[in-house]
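*Asks:* Here you go, one structure.
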Amino acid sequence: SVIGILINASSANHTVQQNIIHSLSNTNVSAATVVTGINYNSSTGANIVARNFIHSLNNASATGQINGINVTGGTTTYQNNIIRLGIDAAGSSITTGCSINGINETTAGTDNFYFNSIYIGGTGVGGASNSFALQSSITSNTRNYQNNILLNARSNGAGSGKHYAVKVGGTTANP
């Protein structure tokens, strides 16, 4: 429902870098809304998403979702991005219990993730939604995860959601 930067290109060789994306919000409490800093989809080639700072995204819906970077296709290198979610611009916890993903890789591509720093925070969280610093539901295609800092310090109040640093899809021997 709210996206800071949307790249949905059938061509190659795109660069998205040195952007500051913050304080995006959806206040609808009843719809399953999505707030995303960068939504990226492109073809093969030398695509780069680098040195972006994404923070203070907010979603008032307990059935909603927040994504720092949402990867929806292509062959891309994601490097040196800083993402801080679960806390609003004033430093207060987002307690609605919406699902939070620092990086959410949903569509198969040959992607590289290097030197990204992701922090998911917030205390007193309600609801049953999970949070992930890095979530990949891909079960095929080569991906590289190297030298990333992934911290999920989110904690529940009355909620039952679980909070993970990394989730990678697949079964033995993939991942």
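The values are calculated or read from the model by the stated rules, or taken from the named source; none is laboratory data. Everything numeric in this text was worked out from a predicted model, so none of it was measured. All Cβ positions, even for glycine, are placed from backbone atoms using ideal geometry, and neighbour counts span all protein chains on display. Quick note on the areas: whole protein, heavy atoms, side chains included, nothing else; ligands and nucleic acids left out. Shrake-Rupley method; radii C 1.70, N 1.55, O 1.52, S 1.80 Å.
*Asks:* When ranked by the protection proxy of mean other Cβ atoms within 10 Å per residue, highest first, what sequence do the peptides 130-136, 48-54 form? If you can, show how the numbers build up before the last one.
*Replies:* On the way: 130-136: 23.9, 48-54: 20.4.
In decreasing order of mean packing, 130-136, 48-54 become 130-136, 48-54.
*Asks:* Mind checking which of T27, S92, N13 is farthest towards the positive end of the chain's charge dipole, using Cβ charges of +1 (Lys, Arg) and -1 (Asp, Glu) about the Cα centre?
*Replies:* S92
*Asks:* Follow-up. Taking N as the number of residues in segment 103-149, what is its Cα Rg relative to 2.2 N^0.38 Å?
*Replies:* In units of the 2.2 N^0.38 Å rule of thumb, it is 1.37.
*Asks:* Normalised by the residues of segment 17-175, what does the relative contact order come to in percent, with Cα pairs under 8 Å and at least six apart?
*Replies:* About 19 percent, as a whole number.
*Asks:* Give me the Kirkwood hydrodynamic radius of the chain in Å, from all C-alpha pairs, to one decimal place?
*Replies:* 15.9
*Asks:* Please report, in cubic angstrom per residue, the volume enclosed by the convex hull of the alpha-carbon atoms of segment 94-172.
*Replies:* In segment 94-172, the Cα convex hull volume per residue is 86 Å³.
*Asks:* Could you identify which residue out of I87, I66, I20 has the top mean-square fluctuation in a GNM of the chain using Cα springs shorter than 10 Å?
*Replies:* Result: I20 has the largest fluctuation of those listed.
*Asks:* Please list, ordered by chain and number, the residues whose modelled amide H lies under 5 Å from the amide H of F132; skip anything fewer than 5 residues away on the same chain.
*Replies:* For F132, the qualifying residues are I100, N101, G102, Y164.
*Asks:* Highest mean first, what order results for 100-112, 32-44 on Cβ atoms within 10 Å?
*Replies:* With the highest mean Cβ count within 10 Å placed first, the list reads 100-112, 32-44.
*Asks:* Additional query: Of the accessible area of segment 67-175, with the probe set at 1.4 angstrom, what percent is carbon plus sulfur?
*Replies:* Carbon-and-sulfur percentage of accessible area, whole number: 51.
*Asks:* Further, regarding this structure: Which percent, to the nearest 5, of DSSP beta bridges fully inside the chain are antiparallel? Walk me through the numbers before you get to the answer.
*Replies:* Values: 2 of 60 bridges.
The antiparallel proportion sits near 5 percent.
*Asks:* Within a Cβ distance under 13 Å of T72, other residues only, what is the Lys/Arg minus Asp/Glu net charge? Let's see the in-between values first.
*Replies:* Details: positive: none; negative: E105, D111.
So the environment of T72 carries a net charge of -2.
*Asks:* Let me ask another. Rounding to the nearest 20 debye, state how big the charge dipole of the chain is about its Cα centre with +1 on each Lys and Arg Cβ and -1 on each Asp and Glu Cβ. Please report the intermediate quantities before stating the final value.
*Replies:* Working: 6 positive and 3 negative charges, 36 e Å.
With only Lys, Arg, Asp and Glu charged at Cβ, the dipole is about 180 debye.
*Asks:* Measuring with a 1.4 Å probe in the full set of protein chains, what accessible area per residue, in whole Å², belongs to segment 1-130?
*Replies:* 39
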